[in-house]
Amino acid sequence: MMVVAGETSGDAHAAKVIRALLEKKKDLKVFGMGGPRMAEAGMEVREDLTRQALIGVWEVLRHYPAIRRRFKQCEKWLKEEKPDLLLLVDFPGFNLRLAQKAHALGVKVCYYIAPKTWAWNEKRVQVLREVVDRLLVIFPFEKGYFKKHGITAHYVGNPLLEEMDLSPVKREAVLEQNGISPSHFPLVCVMPGSRKGEIAKIWPLFLRASRLFAKACPDAAFIVPKPQGLAHKDYRGLKPSDTLYFVEAPAEAMRKVCDVAWVKSGTSTLEMALLKIPMVVAYKVAALTGFLAKRFIKVKYVSLVNLLAGKAVVAELLQERAKPRRLVAETLRLLEKGEYRTGQLYEFGQIKKSISNPPNASQNAAEEILKLLGYSIRKSDLKI
């Protein structure tokens, strides 16, 4: 079986599925492109796709030769090694084209974590319908959406619920373990993304906002979970006077004790909702990418929290609206502990309920994959 997953989140989600597959079928050969977690799970990772995650049209164009080389390599493996199945995880810009190649070569295709065609680029639905043998989705509403487009999607649950530790922690103990004074208030979790391109665009906004916020709240401190693959030098412009604490991601215990969060739009917004941390969402991309996004994005909201709630639960500061003063103003509103804050927390609880059934997304995904491979299994046989 060949697997392709890009970016840090895809690596994490794919790793859980691979581990579940190999628990049941130890002789299953799994190879392809992915990341370190997939390698740890037992896959032969022939190239790491998590080292250079790209955002925006310009970045893709700049790195097109490398992208083309990787694509040709995957195509070669499909032709020469003829895997029984190609498992694609998220990463639609690359993986949808690869799905077309695999289909043309007679290789079965399973797609886990569907492209967000309900948000933009709906023409991709036709490609999914034509070349994907089994589509596994992670949000409840996606099953109905794809059904309207003639695709039978299998909702397997959301993998974040099995990857995250949602148990409570003691604030003072966590802060002491990380060398942070409990006298700091508020604690602001700062999450500008997991990719260098995102950091370059969003970090300057968060850094300027932190200095502005510190003037209004002198006892504040800022917790920055640093994703794997990013170095301290990627966070430019730091001064000795900045009250910033960098911790190794996922840093769930540290995130739980924060009072509010600044989050780059993406999966992190759902993570913080599950941890019940009120937040402000921000996102900035290159001007060309932003211009194209305005033309093609079909949904009213961009953050997963608002999309799942179907309304504006958290503030979204996008592109020209992403200003330090606006970010600080929204944060101060959340710290007032009035209806704005309690409203967010209530909706976070509702979102968690909506994605909690069925549990064990990776196990369910593995079961669907084995069915496609022709194995007859019982769900109780799969253990993670």
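The values are calculated or read from the model by the stated rules, or taken from the named source; none is laboratory data. Computed from a predicted structure; not experimentally measured. For neighbour counting, all protein chains shown are included, and Cβ atoms are generated from backbone atoms with ideal geometry for every residue, glycine included. Areas reflect the complete protein model, heavy atoms only, side chains present, ligands, DNA and RNA absent. Shrake-Rupley method; radii C 1.70, N 1.55, O 1.52, S 1.80 Å.
Mind checking which residues of the range 275-289 are open to solvent by 10 Å² or more (accessible area, probe 1.4 Å) and either modelled with pLDDT of 95 or more or among the charged types (D, E, K, R) (or both)? Reasoning before the result, please.
Looking only at the range 275-289, we keep the residues that are open to solvent by 10 Å² or more (accessible area, probe 1.4 Å), and these are 275-276, 283-289.
Scanning the range 275-289 gives L275, K276, K284.
Being surrounded by 14 or more Cβ atoms within 10 Å (Cβ to Cβ) and among the small types (G, A, S) narrows it down to one of A104, A99, A66, so name that one.
Values: A104 fails: surrounded by 14 or more Cβ atoms within 10 Å (Cβ to Cβ); A66 fails: surrounded by 14 or more Cβ atoms within 10 Å (Cβ to Cβ).
Just one listed residue meets the conditions, A99.
Could you list all residues from the range 219-243 that are outside any loop (DSSP other than H, G, I, E, B) and under 14 Å from V263 (Cβ atoms)? Please lay out each step first, then the result.
So the first thing to find is which residues in the range 219-243 are outside any loop (DSSP other than H, G, I, E, B), and the list is 221-226, 232-234.
Those that are outside any loop (DSSP other than H, G, I, E, B) and under 14 Å from V263 (Cβ atoms): F222, I223, V224, P225.
Only residues that are without any contact (Cβ under 8 Å) to a residue 60 or more places away in the chain and open to solvent by less than 10 Å² (accessible area, probe 1.4 Å): list them for the range 169-206, please.
The answer is I199, W203.
If K353 passes every condition in (1) outside any helix (DSSP H, G or I); (2) open to solvent by 10 Å² or more (accessible area, probe 1.4 Å); (3) at negative phi; (4) modelled with pLDDT of 95 or more but one, which one does it miss?
(1)
Out of the range 108-140, which residues are touching a Ser or Thr at 6+ places or on another chain (Cβ under 9 Å) and open to solvent by 60 Å² or more (accessible area, probe 1.4 Å)?
K123, the sole residue that qualifies.
Do we find a residue being assigned to a strand (DSSP E or B), of a type in the set (F, W, Y) and on the phi < 0 side of the Ramachandran plot anywhere in the range 211-218? Lay out the reasoning, then the answer.
Taking the range 211-218 and keeping what is assigned to a strand (DSSP E or B), we get none.
The answer is no, given that none of the residues of the range 211-218 is assigned to a strand (DSSP E or B), of a type in the set (F, W, Y) and on the phi < 0 side of the Ramachandran plot.
Could you list, in sequence order, all residues of the range 109-167 that are under 30 Å from K82 (Cβ atoms), in a strand (DSSP E or B) and within 18 Å of the chain's Cα centre (by Cα)?
Within the range 109-167, Y111, Y112, L136, V137 meet the criteria.
Yes/no per residue for (1) at pLDDT 95 or above; (2) of a type outside the set (D, E, K, R); (3) open to solvent by 30 Å² or more (accessible area, probe 1.4 Å):
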residue: L317; (1), (2), (3): yes, yes, no
residue: R326; (1), (2), (3): yes, no, yes
residue: T342; (1), (2), (3): yes, yes, yes
residue: G349; (1), (2), (3): yes, yes, no
residue: S362; (1), (2), (3): yes, yes, no
residue: K371; (1), (2), (3): yes, no, yes
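Which one is farthest from the chain's Cα centre (by Cα) among residues in the range 1-10 that are at pLDDT 95 or above and open to solvent by less than 10 Å² (accessible area, probe 1.4 Å)? If you could, list the steps in order and put the result at the bottom.
We begin by selecting, within the range 1-10, every residue at pLDDT 95 or above; these are 1-5.
Next, from what is left, pick out any that are open to solvent by less than 10 Å² (accessible area, probe 1.4 Å): 2-5.
On the way: M2: 22, V3: 18, V4: 16, A5: 12 Å.
Looking at residues that are at pLDDT 95 or above and open to solvent by less than 10 Å² (accessible area, probe 1.4 Å), I get M2.
Output the residues belonging to the range 200-255 that are touching a helix residue (DSSP H, G or I) at 6+ places or on another chain (Cβ under 7 Å), small (G, A, S) and more than 25 Å from E163 (Cβ to Cβ).
Result: A209, A216, A220, G237.
Can you tell me which residue within the range 142-168, out of those that are free of Cβ contacts under 8 Å to residues at least 24 places away in the same chain and open to solvent by 50 Å² or more (accessible area, probe 1.4 Å), is nearest to L270 (Cα to Cα)?
S167
From the set of residues in the range 245-274 that are open to solvent by less than 30 Å² (accessible area, probe 1.4 Å) and assigned to a strand (DSSP E or B), which is farthest from D11 (Cα to Cα)?
Across the range 245-274, the extreme among qualifying residues is V260.
Would you check which residues across the range 12-53 are of a type in the set (K, R), open to solvent by 50 Å² or more (accessible area, probe 1.4 Å) and outside any strand (DSSP E or B) and list them? Outline the logic, then answer.
Our first condition is that a residue be of a type in the set (K, R); within the range 12-53, this holds for 16, 19, 24-26, 29, 37, 46, 51.
Adding the requirement that they be open to solvent by 50 Å² or more (accessible area, probe 1.4 Å) leaves 19, 24, 26, 29, 37, 46, 51.
Within the range 12-53, R19, K24, K26, K29, R37, R51 qualify.
Can you tell me which condition Q319 does not meet? The list is (1) closer than 20 Å to W203 by Cβ; (2) without any contact (Cβ under 8 Å) to a residue 24 or more places away in the chain, and all the others hold.
Condition (2) is where Q319 drops out.
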